[in-house]
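Scroll down for the structure; my scribbles are underneath it.
The values are calculated or read from the model by the stated rules, or taken from the named source; none is laboratory data. Predicted model, so just to flag it, every value in this text is computed and none were measured. As a convention, Cβ positions derive from the backbone with ideal geometry for all residues, glycine included, and neighbour counts pool all protein chains shown. We work out accessible area using only protein heavy atoms, side chains counted, and drop any ligands, DNA or RNA first. Shrake-Rupley method; radii C 1.70, N 1.55, O 1.52, S 1.80 Å.
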Amino acid sequence: MSVLQKLAFGLAISSVAAFAAAQQSPTHNVNMLVPYAAGGPTDTVARVVAQAMTKPMGQSVIVENRPSAGGIIGPEAVKNAKADGYTILIHHIGMATTPTLYRNLRFNPLTDFEYIGLINEVPMTIVAKPTMPAKDFKEFLAYIKANKDKVSYANAGIGAASHLCGMLFMSAIQTDFLTVPYKGTGPAMNDLLGGQVDFMCDQTTSTSSQIKGGKIKVYGITSAQRVASLPDVPTLQEQGLKGAEVGIWHGLYAPKGTPKPVLDKLVSSMQAALADAVVQQRFTDLGAVTYGKDRQTPAALEAHLKAEIAKWAPLIKKAGQYAD
């Protein structure tokens, strides 16, 4: 047998072994890393998906939080994990913005991961402290522009969804405000509730319950359409503001080099989870829109990520906001 024949035979045996393992695997828990703190909006999405993936995977999918500024520790950990399907990453729009925001990033979103698929998109809401005097968006816009030197905008740090939405919003209305960064959405929301900061932009997964409870004021949705969980809240576009449309999408990734049969198992398990009626209802209640099956694929996630990098890079460069 020639060297080439031996190599081909060896590769064939490896492929068959990997496929067989994939059919029987996983044999122990799968860890889903979340690059943000427990209780935050991405963590909420992760726990819904992880629980629903447990049945089709045949093993528990355990959520593991790896919070850090900009959500960069989680992806780095998954990049360096063994490519066996037992460590996966859930991330949001931050996967598309970190390449521009961070000059010394230790991972490449486009080359260091295998794509599993898109999960959902969560609209953002412009919300304000309960004592904000404006009764509607028109009054709110007039108020914050008139008081731009003393109005404060809260966010969860550079690269966070609230930071990106705020940057887009300020660009759309051509007005800058004092920004107050926090170590997560939770503490930012607490200070908004207490009136220590004036307004913020955050995902419906975090704001819906506070809005429905009348604890904060809401002035608009950043999506193109109204959301089912907040039907009475108009979009910013409806209210005459263009250029502020943003949705925080979530995708699932595996380490580069994960064998295709193992990746296929992860893809099919994610798709089964997203087809679950309980999952779809849970996302609807949170204001999230579950992507159709045609977008729950590796190819769709790859294309979406590339498009989002191209969309956000010029905006971030223009703002001149970078992290080390």
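Quick notes on this structure:
- Among the residues making up the range 281-303, those that are in a helix (DSSP H, G or I), buried (at least 16 other Cβ atoms within 10 Å of the Cβ) and modelled with pLDDT of 95 or more are Arg295, Pro298, Ala300, Leu301, Glu302.
- Number of residues in the range 183-207 that are under 22 Å from Asp149 (Cα atoms), part of a helix (DSSP H, G or I) and open to solvent by less than 20 Å² (accessible area, probe 1.4 Å): the value is 3.
- Residue list for the range 160-171, filter: crowded, with 16+ Cβ neighbours inside 10 Å and either in contact with an Asp or Glu (Cβ under 6 Å, 6 or more places away or on another chain) or over 13 Å from Gly40 (Cβ atoms) (or both): Ser162, His163, Leu164, Cys165, Gly166, Met167, Leu168, Phe169, Met170
- Test result for Gln174, among the polar types (S, T, N, Q), under 26 Å from Gly240 (Cα atoms), surrounded by fewer than 24 Cβ atoms within 10 Å (Cβ to Cβ) and touching a residue at least 60 places away in the same chain (Cβ under 8 Å): no
- Some residue of the range 113-129 being farther than 28 Å from Ile73 by Cβ, touching a residue at least 12 places away in the same chain (Cβ under 8 Å) and either in a helix (DSSP H, G or I) or of a type outside the set (Val, Ile, Thr) (or both): yes
- Among residues of the range 202-225 that are without any contact (Cβ under 8 Å) to a residue 60 or more places away in the chain and of a type outside the set (Val, Ile, Thr), those with a beta-carbon under 9 Å from a residue that is open to solvent by 50 Å² or more (accessible area, probe 1.4 Å) and not in a loop (DSSP other than H, G, I, E, B) at least six positions away or on a different chain give the pairs Gln225/Val289.
- Considering residues of the range 44-79 that are touching a residue at least 60 places away in the same chain (Cβ under 8 Å) and assigned to a loop (DSSP other than H, G, I, E, B) only, the residue nearest to Thr258 (Cα to Cα): Ile72
- The residues of the range 223-244 that are out of contact with any strand residue (DSSP E or B) (no Cβ under 8 Å at 6 or more places or on another chain), over 18 Å from Ser208 (Cα atoms) and either crowded, with 16+ Cβ neighbours inside 10 Å or of a type in the set (A, V, I, L, M) (or both), listed by number, are Gln237, Ala244.
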